[in-house]
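Below is one structure, written out as structure tokens; the observations come after it.
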Amino acid sequence: MAKIVLDHLVKRFGKQTAVKDLCLEIEDRQFVAILGPSGCGKTTTMNMISGLLKPDAGKVFFDGKEMNDVPPGQRGVGFVFQNYAVFTNMTVYENIAFGLKIRHRPPEEIDREVNEVTRLLQIRQLLSFNASKLSINDMQKVALARSMVTKPKIFLLDEPLSNLDAALRNIMRAELKKIQQELGQTTIYVTHDQVEAMSLSDRIAVMNFAVLQQYGSPHEVYNRPKNLFVANFIGSPTINFMEGSFGSGAFTLKDFTRGKIPLSKQAMHAAGQKLTSQEVVIGVRPEHLKIMDRGSEGAGFQGEEDGGSPSGLLAKVVSSEPLGSKTIVYLHPDANPGVILKSSMGSDYRPAIGEMKELTFKEKNLYVFDKKSTELAARF
Amino acid sequence: MEQKLFVKILKFILVIVVTVLFLFPIYWMVTMAFKPYTEWTAAGGKIFWYPTKPTLDNFRSIFSKQLKMNPIAGTAIRPVVNSLIVAVVGTAIAMIAGVLAAYGISRYKRGGNLPFSLLQLRMFPPIAIIIPIMIMWAFLRMIDTWFGLVVIYGVVTLPFATWLMKTFFDDIPHELDEAAIVDGCSNAGAFVKVVLPLAKGGIASTALFVFILNWSDFLVALVLTDRRWTTIPVHISKLQSALVGQLYGPKAALGVIAAIPPIVFGILIQKYLVRGLTFGAIKK
Amino acid sequence: MASKNPRKQKNVSDTARFGLFLTLPAQVMLFFIVVFPMLAAIYLSLSTWSPLTSEGTFWYQAYKYWGWLSNYWGLVRQKDYLLALARTFIIVLVVVPVEFFIGLGLAFLFLEKFPGKKVFHSIILMPMMIVPAVAGFIFYMIFQSAGPLNAVLSRVLFRDVTLTWLTGKVSALICIMIADIWEWTPLMFLILLSGLMALPEDQINAAVILGANRWQRFKMVIFPLMKPVIVIALIIRGMEAVKIFDPIWLMTAGGPGTSTESISVYMYKHGFKYLNWSWVAAAGILVLILMSVISMFALKPLKEKKQEA
């Protein structure tokens, strides 16, 4: 239960900068995910919070107290490593009891706490087994129990679910959330899996190439991504990007023969505010990009109110993936076979390969990005 | 984890101190080898910590009789040559038998107790085995011959050659052998055409390692040689007599010559030393 | 797809023969040069034959001088032999732990980065690579009364030190131990360093975060994880230390008198000075039996590690 503040943290390894000027505030009791691809600096950040690494610049604060010179063992954090790092020469009991034994707690108290935490995680029956002989899934629980038993104020979890099999991952995700809400620890969770981040966190810190890209709630990063990277990283299947230019009241998408999208007056005004140049990238999520037969009722781009006549954005079907609950259709714009667009349609939708379809989406679902700065210019 | 600078410096000094202690005896011998007569004789009572007038006289004296500087003049040529010949041939024998056996153990799990009998072999004091061998050799007139010596060298270093090569063969996935066999090779063909070339590095390192062991041998050569086939270590020990025991300079020169190959090779195969000396139990 | 059977048949026997052929040279060598002499030694040890006293008979006629276990009986009651045995074990029990602890300390130092590490590493290897006989000679020089050790001591103690280290019974033994420690600590260093570097870093970090201080980390995590490596290092070094011969022979030849004789030196002297070959054969067999018993216990950990791998 502690508020964490990261103040202009910098970490370099030789000539490489792993973390560049990171500023982050994590409120008490929040579950925050640090999300990003490998090498983005998320584990390095974790290690600076835990104290295993010393920042080259900047400070770490827990509840207002500067932590830079406090050794990891005295920061009151619990850490779960990606590969669990259970002590292979000890039993499960000894592993979990380790933190308490270090602090010279009396044996009855240790016993009590270990039993309590293993009951919570349902691994009581494993107590006498050697920790290295467990299945991966059980090892993960032991690692979790071990970090929980000392009742740390802050939990740091480094991709704890990435080694589990898919079935267990979902179950453990729910378990983790439940435990965190029960115990109320401030939790920081490092992952490259945006589904995990989206489903578990109160807020997500998206990082790429050592720089914090955006820090916001799942809703925020999904609906108002700050730049192209965040928009592309969050959401599955990934967002569709279409390049084009802005001018004379419309977007002109360059990959289509008739790529003009007329905009409503408010839209034009909003877009014009932030854009630094005429070059734009339009984003539409697959679930908002529907396809219909050419010329059919309701097909085409739908501007708001006085948006004008529907345009004729045509795309050719390349393939489709029936996923059960939905069908993902892959298409390419009629003027550019090199770009692939994804459309999420209903579970029974079976398009014919090679067919020309008309793209159907609403103005309010557009993400407008300034091509040069990659930043979000408008959302309607 | 980060540490105070002060502690780091202290540790570095400690490393330096230990290194100096390890280096000093070697330094002493090397400088002794280059000191002129006046500087290494014990007479003066003065210690020269480094040769103020470095000279190659010591080296010259042990190799050529011309200088006639001391009783051991010119006697070192034979031991040096002997050491070289015997170490090389002994290594070859150990390598041939060892490489084959190692491959057999690695791939075919054959040899049953061979691996561990080889290990047990190392537990016995060589002197215990060498006496009966010496008796046999005397009977077969193999004392003071090169072939009498190299055979024993081959056997004594066989455990090292075998175990070390086994680890190298283990590193080569046996799927490669099987691929070769599927392609039509015989077992021997797979071994010679596929595995051996891949094991080149390991063979070279093992050979150097075994060479070091053979070159460094003392007891076996002491027992099995007399006059013609003494090796360098034996020669040095012979020079410990009262008459020539104090000839530090020339003896140090001989010592330097003896020490160079193992040190050079040892540094070359640094990576594999642990593997070799622990019979493959520890692989970095 | 041609019929596989005949080819498979050929393959199986071809494989079996090849496998046999592979280990044949080694087995042959072992038999003729180890097994056979061993049998000969046992045969000899049960006689009292010696080239000096047996009127020029050949060794295989030793049955003419049969003595059954008289040699063995004599050996276990001979002061010199027992002392040599005891002395050898004392040497081993002193040098191996010392080499171990210095090597361990050094290994810990080498876990960290510092300038010139590779160079220092290579230099530290050098004592181990020096021919042991040469190392013996070097320390012979160092321990001379006019040698560098006394020179340093003279400077430090501000008076002339001209001790003759190698002529005192106890001091000579200590000198030999010093020579051995100098020569073989690098080996322990190498092995232990390998072990330390192979330690799983995450486990140690986990211990750090859980609050363990340096000592707790060492006792509860590092040391247990290092146990297999430590055992191997001690066994390997112990095995070799028992056979110690080269430095002793070069430094004191077992003297003064017999006060620095190890088992190997004892047997060499009795074999070559006194030519008492059947006696030495018996002495050797006794040592072999002793070492076999010890090796059965000592090699178990090594065997277990192999089976794990």
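The values are calculated or read from the model by the stated rules, or taken from the named source; none is laboratory data. Because the structure is predicted, anything quoted here is derived from the model rather than measured. No Cβ is skipped: glycine too gets one built from the backbone with ideal geometry, and neighbour counts run over all protein chains shown.
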On the basis of being more than 9 Å from chain B (Cβ to nearest Cβ), surrounded by fewer than 18 Cβ atoms within 10 Å (Cβ to Cβ) and modelled with pLDDT under 80, does C:Ser54 make the cut? no
Checking C:Ser171 against (1) within 13 Å of chain B (Cβ to nearest Cβ); (2) under 19 Å from C:Pro256 (Cα atoms), only one condition comes out false. Which one? (1)
Residues that are farther than 23 Å from A:Pro71 by Cβ and more than 14 Å from chain A (Cβ to nearest Cβ): does the stretch C:211-226 have at least one? no
Of (1) of a type outside the set (A, V, I, L, M); (2) within 14 Å of another protein chain (Cβ to nearest Cβ); (3) surrounded by fewer than 23 Cβ atoms within 10 Å (Cβ to Cβ), A:Arg146 satisfies all except one. Which? (3)
Please go through the stretch C:244-261 and pick out each residue that is modelled with pLDDT under 90, touching a Ser or Thr at 6+ places or on another chain (Cβ under 7 Å) and either small (Gly, Ala, Ser) or within 13 Å of B:Ala128 (Cβ to Cβ) (or both). C:Gly254
Does A:Val230 satisfy being aliphatic (A, V, I, L, M) and not in a strand (DSSP E or B)? yes
When residues of the stretch B:186-203 are limited to those that are more than 27 Å from B:Ile269 (Cα to Cα) and buried (at least 17 other Cβ atoms within 10 Å of the Cβ), the one nearest to the other protein chains (Cβ to nearest Cβ): B:Asn187
Among the listed residues A:Glu243, A:Glu196, A:Glu220, A:Glu175, identify the single one that is among the acidic types (Asp, Glu) and either in a loop (DSSP other than H, G, I, E, B) or more than 29 Å from A:Val329 (Cβ to Cβ) (or both). A:Glu175
If B:Leu100 satisfies every condition in (1) aliphatic (A, V, I, L, M); (2) closer than 30 Å to C:Val280 by Cα; (3) within 9 Å of chain C (Cβ to nearest Cβ) but one, which is the exception? (2)
How many residues are surrounded by fewer than 19 Cβ atoms within 10 Å (Cβ to Cβ) and either within 27 Å of B:Val99 (Cβ to Cβ) or modelled with pLDDT of 85 or more (or both) when one looks only at the stretch B:204-227? 1
What number of residues within the stretch B:242-259 are out of contact with any Leu (no Cβ under 6 Å at 6 or more places or on another chain) and either basic (Lys, Arg) or facing another protein chain (nearest Cβ under 10 Å) (or both)? 10
Could you list all residues from the stretch A:58-91 that are within 28 Å of the chain's Cα centre (by Cα), at negative phi and away from chain C (no Cβ under 12 Å)? A:Lys59, A:Val60, A:Phe61, A:Phe62, A:Met67, A:Asn68
Where a residue in the stretch A:167-181 is assigned by TED's automatic domain parsing to the domain that holds A:Gly78 and within 14 Å of A:Lys141 (Cβ to Cβ) and its partner, wherever it lies, is of a type in the set (Phe, Trp, Tyr) and not in a helix (DSSP H, G or I), with Cβ under 9 Å and at least six apart: A:Leu176/A:Phe31; A:Leu176/A:Tyr189
Can you find, within the stretch C:262-279, the residue that is nearest to C:Ser50 (Cα to Cα) among those that are at pLDDT below 85 and at the interface with another protein chain (Cβ under 8 Å from one of its Cβ atoms)? C:Trp277
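This table checks each residue for (1) surrounded by 22 or more Cβ atoms within 10 Å (Cβ to Cβ); (2) in contact with a helix residue (DSSP H, G or I) (Cβ under 8 Å, 6 or more places away or on another chain); (3) under 30 Å from C:Gly284 (Cα atoms).
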{"site": "C:Leu196", "(1), (2), (3)": "no, yes, no"}
{"site": "C:Ile209", "(1), (2), (3)": "yes, yes, no"}
{"site": "C:Gln216", "(1), (2), (3)": "no, yes, no"}
{"site": "C:Val221", "(1), (2), (3)": "yes, yes, no"}
{"site": "C:Ala233", "(1), (2), (3)": "yes, yes, yes"}
{"site": "C:Gly238", "(1), (2), (3)": "no, yes, yes"}
For C:Ile91, indicate whether it is more than 10 Å from chain B (Cβ to nearest Cβ) and either within 16 Å of the chain's Cα centre (by Cα) or surrounded by fewer than 14 Cβ atoms within 10 Å (Cβ to Cβ) (or both). yes
Could you please find all residues in the stretch B:260-284 being at the interface with another protein chain (Cβ under 7 Å from one of its Cβ atoms) and buried (at least 18 other Cβ atoms within 10 Å of the Cβ)? B:Pro262, B:Ile263, B:Gly266, B:Leu273, B:Val274, B:Leu277, B:Thr278, B:Ala281, B:Ile282
